[in-house]
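I'd like to ask you about the structure that follows.
The values are calculated or read from the model by the stated rules, or taken from the named source; none is laboratory data. These figures come from a predicted structure and were not determined experimentally. When we count neighbours, we look across all protein chains shown, and the Cβ atoms used for this are built from the backbone with ideal geometry, even at glycine. These area figures cover heavy atoms from the full protein model, side chains too; ligands, DNA and RNA do not enter into them. Shrake-Rupley method; radii C 1.70, N 1.55, O 1.52, S 1.80 Å.
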Amino acid sequence: LGLLYQEYRDKSTREEIETRRLQDSQTDPEETSPNEETPSEAEPTSTIENKAPPQINLLRNSNSRFNLWQDLPEVQSSGVLSILQPDEIKLQEAMFELVTSEASYYKSLNLLVSHFMENERLKKILHQSEAHILFSNVLDVMAVSERFLLDLEQRVEENIVISDVCDIVYQHTVNHFSVYITYVSNQTYQERTYKQLLQDKPAFREVISQLELDPKCKGLSFSSFLILPFQRITRLKLLVQNILKKVEEKSDRESTALDAHKELETVVKACNEGVRKMSRTEQMISIQKKLEFKIKSVPIISHSRWLLKQGELQQMNGPKTSRTLRTKKLFREIYLFLFNDLLVICRQIPGDKYQVFDSAPRGLLRVEELEDQGQSLANVFILRLLENADDREASYMLKASSQSEMKRWMISLAPNRRTKFVSFTSRLVDCPQIQCVHPYVAQQPDELSLELADILNILDKTDDGWIFGERLHDQERGWFPSSMGEEILNPKIRAQNLKECFRVHKSDDSQRRKLGSRNRQ
């Protein structure tokens, strides 16, 4: 509890990574997976109700430094550790982590407000509109966190053995967590304003630097405090997932955890959509201004359209048999803008403009890889437009700069094309997996940002160091450098990861089946 949330979160995820590394190294087939159910030996049959544990007053003790529930003196002296089953102790730890991490998060939020937002020097430097964009509705977020934490504290103090926390998570998510959507949706403008202030106002830059040096901040940057709400709402969903993996199947606690997880997922998706909507609108306007149509004009800006990938490729001139021509003559540059529902094919012209000479709906695109065609035709693929701008079929032979770039274009152009490995949704018993050990921020629309300890199924990989993966906890897909992760080699751990993932998304699957049944009717 003495840690700021940034420190707490980093420590927790690092421990998670090390635990998985240890599990992955246990390759003896006779060993049972740490999460598998094993028969208990000589376990007491008494239930916890047979012994009334003392009440605990934990979170009001500001000097508390305990990381584990079972390390609390009140827990150790009560004798409950000899009564509880090992699985129940793991569940207690998972629920306790949710509570203590919220206390750490609230402490960091409080520092953001009291140390930065309410600083008198900073108030004088910032215009009211700048302060509003920079700090948004953080006071509302902090008030929601405080109310949430008080309810969690009260539950912990009711009994030394925590009955449940997911019911509290559910109630607060439904009734109060919409403030997170407001805060996170402002992120694009917040980041831009912060960069602009650093560049244009030396006084702002100086004050922020001085405030960051204060021992209270523990060497953490101002921007790391600004991003806290988005990190917390995402992490909260993962903490509920961790509880869900440990509760008894078909129990009331499982039902409550599933409900809480579903509501949190709705909020997280709304947060992500809020961020994307802000940046996508500006991006589409910028692209529209750069395009000049040689063919019949296509309206680019639409509320339901966004950019998936853009970039330069080499188009082959003439028939495939022209391999004797020099490479420089064989290919010429073209530029592609790929949206979620439309492909626009251009040539770059002076003035940072692009002349559009063909287009096609994304659903009418097909791709085919050329193999063993020699060096001049390495990383070449065929793009077929089943119906182009002239309402006829057209084909383009395109060359990418590398194997990874070729595969990235092929998967983006034809997303339903089979990948090297099968995805999570196939319910495959085993498939390659990787654990993120270095965070990664996506640089392109087809890339996936990674957080420490993320587990992903590997759908495809390239020889030049890129992986196309599907994150287990939210099924988001994208490319990332292979150096960001460590492959999970133990098949039992991979199977356990999939089993836990299927359980977490059980309610989603049943909902999909219901919808499918209605559609068929």
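From the list L84, L98, L91, L112, exactly one residue is part of a loop (DSSP other than H, G, I, E, B) and either open to solvent by less than 30 Å² (accessible area, probe 1.4 Å) or of a type in the set (K, R) (or both). Which is it?
After applying the criteria, what remains is L84.
Take the conditions surrounded by 15 or more Cβ atoms within 10 Å (Cβ to Cβ), of a type in the set (S, T, N, Q) and modelled with pLDDT under 95 and apply them to N137. Does it pass?
no
Taking segment 452-471 only, how many residues are under 20 Å from L22 (Cα atoms) and out of contact with any Ser or Thr (no Cβ under 6 Å at 6 or more places or on another chain)?
Residues that pass the stated criteria total 4.
Checking the condition at pLDDT 90 or above, over 33 Å from the mean Cα position of the chain (by Cα) and not polar (S, T, N, Q), which residue from I345, I349 passes?
Sole residue among the options that is at pLDDT 90 or above, over 33 Å from the mean Cα position of the chain (by Cα) and not polar (S, T, N, Q): I349.
Restricting attention to segment 89-99, does a residue exist that is in contact (Cβ under 8 Å) with a residue 12 or more places away in the chain and out of contact with any helix residue (DSSP H, G or I) (no Cβ under 8 Å at 6 or more places or on another chain)?
The answer is yes, given that some residue of segment 89-99 is in contact (Cβ under 8 Å) with a residue 12 or more places away in the chain and out of contact with any helix residue (DSSP H, G or I) (no Cβ under 8 Å at 6 or more places or on another chain).
Let me ask you something else. Would you point out the residue of segment 304-329, among those that are of a type in the set (G, A, S) and either modelled with pLDDT of 50 or more or part of a strand (DSSP E or B) (or both), that is nearest to R280 (Cα to Cα)?
S304
With respect to V75, determine if the residue is at pLDDT below 95, surrounded by 15 or more Cβ atoms within 10 Å (Cβ to Cβ), part of a helix (DSSP H, G or I) and in the same structural domain as E15 (by the TED database).
Criteria met by V75.
Go through V240, V267, V247 for me and flag whichever is open to solvent by less than 20 Å² (accessible area, probe 1.4 Å) and either acidic (D, E) or not in a helix (DSSP H, G or I) (or both).
V247
Can you tell me which residue within segment 449-479, out of those that are β-branched (V, I, T) and closer than 15 Å to C431 by Cα, is surrounded by the fewest Cβ atoms within 10 Å (Cβ to Cβ)?
Result: I458.
When only residues in segment 284-307 that are farther than 17 Å from I349 by Cβ and not hydrophobic (A, V, I, L, M, F, W, C) count, which is most open to solvent (accessible area, probe 1.4 Å)?
H303
Look through segment 339-374, keep the residues that are assigned to a strand (DSSP E or B) and without any contact (Cβ under 8 Å) to a residue 40 or more places away in the chain, and return whichever of them is nearest to P445 (Cα to Cα).
So, considering only residues that are assigned to a strand (DSSP E or B) and without any contact (Cβ under 8 Å) to a residue 40 or more places away in the chain, the one nearest to P445 (Cα to Cα) is F339.
Any chance segment 458-466 includes a residue that's at positive phi, outside the structural domain of A400 (by the TED database) and modelled with pLDDT of 90 or more?
Yes, segment 458-466 contains at least one residue that is at positive phi, outside the structural domain of A400 (by the TED database) and modelled with pLDDT of 90 or more.
Looking for something under 20 Å from K216 (Cα atoms), in contact with an Asp or Glu (Cβ under 8 Å, 6 or more places away or on another chain), touching a residue at least 60 places away in the same chain (Cβ under 8 Å) and not aliphatic (A, V, I, L, M) - is there at least one such residue anywhere in segment 118-137?
no
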